[in-house]
Amino acid sequence: MKKSLWNLYVWQLKDVILASLIAVLFAVVCYATVHSVVFAVTPLVTPFGFGDIAIEFVFGIFFFSAIFSPYIMQKPGVATVVGTLTGLIQILMGSAFSSTVLVSALVQGLSAEAVFAMFRYRKFNWFTMLLAALACTVGSFVLAWYRGLWTDLDPGFVATRFIIRAVSALLISGIAAKFLADRLAKAGVLKSYPLGAKYKGEPDES
C-alpha cells in the first residue's frame, strides 16, 4: 500500500521528539568519538604512520544519525534536519571543531537526503542505506576538497583516506544503522513509526 502524501510530508509531535532524541544521542557519541580519537588515539598511532588517517576508521559514526533517523521515520527532511541538529548540538557542547562541524553536518545530511529523495522516500532497504552512506562519504570529501584540506596531498594518500572512510561509512552508517533500527523495530520500540509498522505483529527472535 502506497504511503499517503499527507502522512509522508507532515511531521507529527512524535517525529519531532524522536528526531531530537536521535540528534542529542549521536551528538554525544560524535563528540566523544572525535575528541577521543583526535586527542588520545592519534598521538599513540602517529609513530606508526596512522596519525593523519586515524579518524577515517571511525568516520562512519558522523553519518549515523543522518541515515539511521530517516530509515525509521521515512519522511522528507529527516536526514537533513537530524544531521544538521547533531552538528549544532556538538557546538553547544563546546566541540573543538565548532567552526566547521555545522557545515559538515549539513552537507552530510543533505547527501543522505538526496539518496532517499531519489527514491521518493518509498524505498528504505539495504541498497538505499548503503548508497546513503556512500553519498555522505562523497559529500564530506567534496567539502574537504573545497576547504582546501587535501589539494596539495599525494593523490594516492587521498584515495586511501577515501577508501577507509567509505568502508567505515558502509559498516557503521549503513550496515550497523540498519541492523540496530531493525532490531528496535522487531522489539516493538518503534511501533508508532513506519519502520516499526513493517514488523508489527512479528515476534522478537532474540
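The values are calculated or read from the model by the stated rules, or taken from the named source; none is laboratory data. Since this is a predicted model, take the numbers as computed values, not measurements. Counting neighbours? That spans all protein chains shown, and the Cβs are built from the backbone with ideal geometry, glycine included. With ligands, DNA and RNA removed, areas are computed over all heavy atoms of the protein, side chains included. Shrake-Rupley method; radii C 1.70, N 1.55, O 1.52, S 1.80 Å.
Things to note:
- Projected onto planes of every orientation and averaged, the convex hull of the alpha-carbon atoms in the chain covers 12.5 nm².
- Solvent exposure, largest accessible area first (probe 1.4 Å, DNA, RNA and ligands not counted), of Val167, Val37: Val167, Val37
- Taking Phe39, Phe124 and ordering them by how much accessible surface each has at a 1.4 Å probe, largest first, produces Phe39, Phe124.
- FRET efficiency, 1/(1 + (r/R0)^6) with R0 25 Å, evaluated for Ala117 and His35 via beta carbons: 0.15
- Separation in nanometres of the label points that stand 7 Å from Cα toward Cβ, at Val138 and Thr151: 2.2 nm
- Using the 1.4 Å probe convention, the accessible area of segment 76-206 works out to 51 Å² per residue with neighbouring protein chains retained.
- Of the solvent-accessible surface of segment 68-179, computed with a 1.4 Å probe and all protein chains present, 74% belongs to carbon and sulfur.
- Which of Ser104, Ser173, Ser99 is most accessible, then next, and so on - probe 1.4 Å: Ser99, Ser104, Ser173
- Each of the peptides 60-72, 129-141, 84-96 was scored by the mean count of other Cβ atoms within 10 Å over its residues; in descending order, highest first, they stand as 60-72, 129-141, 84-96.
- Where the Cα pairs of segment 58-149 fall when distances are cut into 5 Å bins, in %: 3, 16, 27, 25, 16, 9, 4, 1
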